[in-house]
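**Q** One structure is given below, represented as structure tokens, and several questions about it will come after.
Every read-out reported here was derived from the displayed coordinates using simple, explicitly stated rules and does not represent laboratory data. The shown structure was predicted, so the numbers you read here are calculated from the model rather than taken from an experiment. A quick note on method: Cβ atoms are made from the backbone with ideal geometry, for glycine too, and the neighbour counts reach across all protein chains shown.
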Amino acid sequence: MFPNDPSAWMVMLIVLPLASATLSYVAAGIARWVSVAAAFLTTIPVLGLALRVWHSGAVSHRIGGWGAPLGIELAADGLSVLMLTLSAIVCGVGSVYGFAYFAPESDAGKKGGERFWPLWLFLWGGLNALFLSADLFNLYVTLEVVGLAAVPLVAVAGAAALTAALRYLLISLMGSLCYLLGVAIVYVHLGTLHLPTLASVADGSPATGSALALMSAGLLMKMAVFPLHFWLPPAHANAPAPVSAVLSAVVVKAGFYLLLRIWFGALTAAPAIEIAQGFGVLGAAAILWGSLNALRAQRFKMLIAYSTVAQLGYLMLVFPLTARGTGAMAAWSGALYFMLAHACAKASVFFSAGAALRAFGGDRLEQLRGTATRLPVATFAFATAAVSLIGLPPSGGFMAKWLMIQAAFASGQWWWALVIVGGGLLAAGYIFRFFSTLFAYVPEPPTITPVPALMEWSALGLAFLSILLGLAAELPIELIRIGAPYAGPLWLGG
Amino acid sequence: MIDTPTGYAALGVLLFAMGLLGLVLGRHPVRKILALNVMGTGIFLFLVAAAARDSSGGTDPVPHAMVLTGIVVAVSATALALALAGRIQQPYAETDAPVQPGEPDHVSE
Amino acid sequence: MDVVSWMPFWILMSSVVPGVVIFFLSDRHRGLRTALNMGGVTLKLILIGFMIAGLVKDQTYLFRLPLLPGMDLVLHADTMSVLIVALSGVLWFVTTLYAIAYLEDSPQPRSRFFGFFSLCVSATIGIALSGNLITFLIFYELLTLSTYPLVVHRGTPNSLRAGKIYIAYTLTGGASLLIGVAWLRSIVGPLEFVQGGILSTWPAEYHNTFRAIFFFLIAGLGVKAAIVPFHGWLPNAMVAPAPVSALLHAVAVVKAGAFGIVRVVYDVFGIEFAARLDLLAPMAAVAAATIIWGSVRALSQDNLKKRLAFSTVSQVSYITLGAGILGPIATIGGVVHLVHQGLMKITLFFCAGNLVETIGVHRVSEMNGVGRRMPWTMAAFTVGALGMIGVPPIAGFVSKWYLATGSAAAGADWVIVVLGVSSLLNAMYFLPILHRAWFREPDGKWAREDAHRGLETHWMLLLPPVLTALLSLLAGLLADAPFSPLEWARRIAQQEYLP
């Protein structure tokens, strides 16, 4: 029956956003309402699927009853449910935020309101399909859907965003094509594209190795990992606030998700520890480079975008931290939880930035002096979310970093613990540099454009969620562990 | 002597590499878009060659399906890219100067 | 869910809830805000009273929140936590009173101030009631976060600069603490506080690791405890309004650091284990250096609050010194000084604030004849200053006496020399102030004049220092009474040393 059938949930998760997208394209007048309705409705299948996976473990569904290799199969385990929840939260709250941001009366609404909604919903549908796909080529298709929806969303803002959007598109396509060639090699050599089957037939031959290398290169481009990160700051900084939020929070994570699926699921031809350490070095470089640039940033949104580059570096640390066996479970859970915590915090921060931009007409640091008194809710939201970004307790960011630090010590790779803690201090550096501006006392503050309360409160809601993730981490972590490539307890005493 | 499908496959990979090089080195956006298409075509050639290597003597339909899907994606992507590139070439009122093709984006920092 | 045993949680909530509500009030709702503030603090004191009464009857108080499988947030009440909680509660009561009056005319939003003020209390209570190192760490960092907006409250370039320095020091300290805690956790498992420590049974091959971990922990805690060379943030933070300086220096931040050191030495490592690992002597040496250095720097400060700041740097290290000497008497001295120093220092800072607010006096050189203009304030200041020097029967004398006898018992005679030199230095920078205030004529009219209907200043600015000065005197005079801080410290020492 309906509630117990995971297939229905999975199909609904893809169909609902796509149908709403078509509807909002056709009936532009009610587009905002359709989207918000879709946002609320999508929580049902997400919760349903999460409960089902919680009770019975990983599930799968064959579309139309046709199995691999010709049919398309959908699958969900702990990781998929995590990503689906993450997208639902960010896109859901983002829809509410966008409702106010692209209100027909506002400038943003008049310029891009009609084009925004269908693209937004297509992006969401594409993301859901990506997180549910269980075959390499379908993943390529969904990856392209996501990319082709994200790029015009960036361009909706016009002007400087256009160049950033084009660069984003070119890199994105380059990455996808590298990935596709890797997929082609996998098919030619191993004869299947189905992820679970691949796990059993994969070998350590040079063909598999080169396929893995190509796919990883492509995905690293999409993930903006150092040194292939240069497209991200302009794109995320110049896009409209809700778009920046979903790009930083979810879309770049899609690349990482695929990387995890391939390295830890399909092609676990046991990567040598040297490569794992190499990925870790890239991650550390990303943390350093992103943080240093954030310290020098002159614009609020540019600061946040560089922060994303830095935070994505932490995710790359999952490779060295899982390479030695001990502590692998903690590292895996930590990295996954990090994605969730970062998504909520980063989206919240971008929402606050959007509010500030709307109020002051620009986001250069000098313009934002004394924001604490003019926009207290948005400032408080930013401050709270920043706690999670820096990784201070009690927040989801802290929990995730704590797990990864534990993994570092447990596997004897204490240097990664120093990298993680050091990264947190750098983040504190660029965040507090910005706080100083916000808290400055301005005797006669300039008049500001009124900001819709919905925008500020969406930011605050997500910020509270990122703190809540620090206090209620037990359940989500247990859920994440379903279908994880490692067995055993979380850690010593767990 | 390598057989025909392997030859085409190798050619496909070569085209991919050439396209990649062109993408990285090209300055004009349209050139980059063309390079992307060459890369894509290389992969499609590789796949079609792969299809011919079926053990039972027939052709494998899965790579063909992949190529068809790939072509659709390539067309959409190219259209989007060209539309964006065209928009950028037009001078617009909100910025100080039209952005030259291939120039790094200084405006945003 | 046992309501009574969740008392630590309710005590915490008694400041969290009013704080959150105050954030949403606009600045106009003065009455409601004052009611929430005073109501919360009074409720907290009542609950703390209940808890103490319960502890005497051997009621256990425990609150657990699972954070991760195998890692819980634990709030519990043992003798040590009760001491700090009681201190915090009382001092918070007076500081709230003081702050309400002090910030009367400030242009910055007061709801923001009192909201973060309440969060700051909550973090301190959380630190005091922590039952394991991870809970301690969480509230420790929360304290940093909630005090930052108070330091930068005025929003002036100086405040913002001081805020940046403050954050740089405290977060770096927090990072060191985090490394220490995480490292220890990965080896030992859950880190609940147990009297006598949890590490003494581990074999010798871990000892070097434990030594390194000890370094990280103490260094991290030492930043907040203003141990040299990590003390730089403290004098800079003096740009904050006086209630904030009073808080930071007497109640919250420095106490959190010092309390943390006490907890780590006694309830994680165990004092005897720490002595076996040769960890105590270096720590005592660093503490001694801080004591001397702080007093030396205080001599050259003309700004009153800065002089008091360096005095704090020096005085808080008495607590660390007490923890660094093996022996119950020294322990008593160090632990009881947590309370005594709090009472005396807050008195001094309240007085300094009164001088600024009422007559615009910031510097020692401007203080000629102040005693005539503000007799009650200066009387309280005198009590606090004499206590700092160690003059009996004020509380400071009791702590120094126990530290000195404890060092003699442990054979560490050099400590007695340090204590003597330090008292001498204290006299050298406090006595001149007293001389100026009481025995010199004023130089002319005061920079400000803020008369208040017959009293020398607003009653809410006058009552707190007088009250805390009185408490400092009583803590010394009645040190042998059943519920004095000294008695409490004796109990703690007993529990830490018995096998």
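**Q** Of A:TYR257, B:GLY22, A:GLY391, which is farthest on the positive side of the dipole of the protein assembly as shown, counting Cα position, with +1 on Lys and Arg Cβ, -1 on Asp and Glu Cβ, and the Cα centre as origin?
**A** With unit charges placed on the Cβ atoms, the residue in question is A:GLY391.
**Q** Ok, one more. Using the number of other C-beta atoms within 10 angstrom as an exposure proxy, rank C:LYS306, C:LYS400 with the fewest first.
**A** Least to most surrounded, the residues fall as C:LYS306, C:LYS400.
**Q** Sticking with this structure for a sec: Treating only the Cβ of Lys, Arg, Asp and Glu as charged (+1, +1, -1, -1), what charge dipole size does chain A show about its Cα centre? Round to the nearest 20 debye.
**A** That gives a dipole near 740 debye.
**Q** Cα-based Rg of the stretch A:289-494 per 2.2 N^0.38 Å, rounded to two decimals?
**A** 1.09
**Q** Roughly how many whole Å is it from the C-alpha centroid of the stretch A:204-258 to that of the stretch C:40-94?
**A** 49
**Q** Okay, moving on. Mind pulling the angle between the C-alpha long axis of helix C:485-497 and the longest principal axis of chain C? Nearest 10 degrees, somewhere in 0 to 90.
**A** 20
**Q** Also, quick follow-up: Tell me the angle of helix A:206-223 to the major Cα principal axis of chain A, expressed in degrees between 0 and 90 and rounded to the nearest ten.
**A** 10
**Q** Would you mind checking which residues have amide H under 5 Å from C:ASP72's amide H? H placed 1.01 Å from N; only 5 or more apart, or other chain.
**A** HN-HN under 5 Å from C:ASP72: C:LEU67.
**Q** Over the stretch A:289-494, what relative contact order in percent results from Cα pairs under 8 Å that are six or more residues apart?
**A** 32
**Q** Run the quick spin-label model on C:VAL417 and C:TRP459: label points 7 Å from Cα toward the beta carbon, then report their separation in nm to one decimal.
**A** About 5.4 nm, to one decimal.
**Q** Dipole size in debye (nearest 20) for the stretch A:289-494 around its Cα centre, Lys and Arg Cβ +1, Asp and Glu Cβ -1?
**A** It comes to approximately 380 debye.
**Q** Per residue, how much space in cubic angstrom lies within the convex hull of the C-alpha atoms of the stretch C:7-497?
**A** 130
**Q** Additional query: Reported to two decimal places, what Rg/Rh ratio describes chain A when computed on Cα atoms with Rh from the Kirkwood expression?
**A** Value, to two decimals: 0.95.
**Q** Just need the relative contact order of chain C here, percent rounded to a whole number, with Cα pairs under 8 Å and 6+ apart.
**A** 14
**Q** Does the stretch B:4-89 come out rounded, prolate or oblate, given a ≥ b ≥ c as the square roots of the eigenvalues of its C-alpha gyration tensor, rounded meaning a/c under 1.5 and, failing that, prolate meaning a/b above b/c?
**A** Oblate, because a/c is 1.5 or more while a/b does not exceed b/c.
**Q** Let me ask another. Once Rh is set to the Kirkwood radius over Cα pairs, what Stokes-Einstein translational diffusion coefficient, in µm²/s, holds for the stretch C:67-136 at a temperature of 20 °C and a viscosity of 1.002 mPa s?
**A** Rounded, D is 156 µm²/s.
**Q** Would you mind computing Rg(Cα) / (2.2 N^0.38 Å) for the stretch C:351-499, counting N as its residues?
**A** 1.27
**Q** Still on this structure, I have one more. Please list the radius of gyration and Dmax for the stretch C:257-403, considering alpha-carbon atoms only, with Å as the unit.
**A** 17.0, 56
**Q** Could you work out how far helix A:396-410 tilts from the main Cα principal axis of chain A, as a 0 to 90 degree angle to the nearest 10?
**A** Between helix and principal axis, roughly 40 degrees.
**Q** Another one. Sorted by average packing, counted as other Cβ atoms within 10 angstrom per residue and highest first, what order do C:423-430, A:94-101 take?
**A** Answer by packing, highest mean first, reads A:94-101, C:423-430.
**Q** Relative contact order (percent) for chain A, with alpha-carbon contacts under 8 angstrom and 6 or more residues of separation?
**A** Result for chain A is 15 percent.
**Q** Okay, next question. Considering the dipole of the stretch C:7-497 built from charges on the beta carbon (Lys and Arg +1, Asp and Glu -1) around the Cα centre, which of C:ILE389, C:SER81, C:ALA379 is farthest to its positive end?
**A** C:ALA379
**Q** Oh, and also: On a C-alpha basis, how far is the centre of the stretch A:122-186 from the centre of the stretch C:311-342 in Å? Whole number, if you could?
**A** 62
**Q** With a ≥ b ≥ c taken as the square roots of the eigenvalues of the C-alpha gyration tensor of the stretch C:38-167, please select rounded if a/c is under 1.5 and otherwise prolate if a/b is larger than b/c or oblate if it is not?
**A** Oblate.
**Q** What share of all Cα pairs of the stretch C:206-303, in percent, falls into each consecutive 10 Å distance bin?
**A** Result, from short to long distances: 15, 43, 28, 12, 2 percent.
**Q** Continuing with the same structure: Which of rounded, prolate or oblate describes the stretch C:114-156 when judged by the alpha-carbon gyration tensor and an a/c cut-off of 1.5?
**A** Prolate is the answer for the stretch C:114-156, as a/c is 1.5 or above and a/b outweighs b/c.
**Q** So, in Å, what gap is there between the alpha-carbon centers of the stretch C:236-284 and the stretch C:363-392?
**A** 27
**Q** Continuing with the same structure: Tell me, what is a quarter of the convex hull surface for the C-alpha atoms of the protein assembly as shown, in nm² with one decimal?
**A** Projected area, direction-averaged: 46.1 nm².
**Q** Then there's this: Kindly provide the helix-only [θ] at 222 nm of chain C, computed as the sum of -39,500 (n - 2.57) over DSSP H runs of four or more divided by all residues, to the nearest 500 deg cm²/dmol?
**A** Per the formula, -23500 deg cm²/dmol.
**Q** In whole Hz and in residue order, list the ³J(HN,Hα) couplings for the stretch C:104-120 that follow from phi through the Karplus curve 6.51 cos²θ - 1.76 cosθ + 1.60, θ = phi - 60°; x for Gly and Pro.
**A** Result, ordered by residue: 3, 9, 7, x, 6, x, 7, 4, 4, 4, 6, x, 5, 4, 5, 5, 4 Hz.
**Q** So how strong a dipole does the protein assembly as shown carry about its Cα centre when Lys and Arg Cβ are +1 and Asp and Glu Cβ are -1, to the nearest 20 debye?
**A** It comes to approximately 1880 debye.
**Q** For the stretch C:409-452, state which trypsin sites (Lys or Arg not before Pro) are in a DSSP loop and have at most 12 other beta carbons lying within 10 Å of their beta carbon.
**A** Filter output for the stretch C:409-452: C:LYS445, C:ARG448.
**Q** On to the next question. Taking 2.2 N^0.38 Å as the expected size of a compact globular protein, what ratio does the Cα radius of gyration of the stretch C:274-349 give against it, to two decimals?
**A** Here the answer is 1.18, to two decimals.
**Q** Then there is this: Of A:ALA343, A:ALA58, A:PRO233, which is farthest along the charge dipole of chain A in the positive direction, counting Lys and Arg as +1 and Asp and Glu as -1 at C-beta?
**A** Result: A:PRO233.
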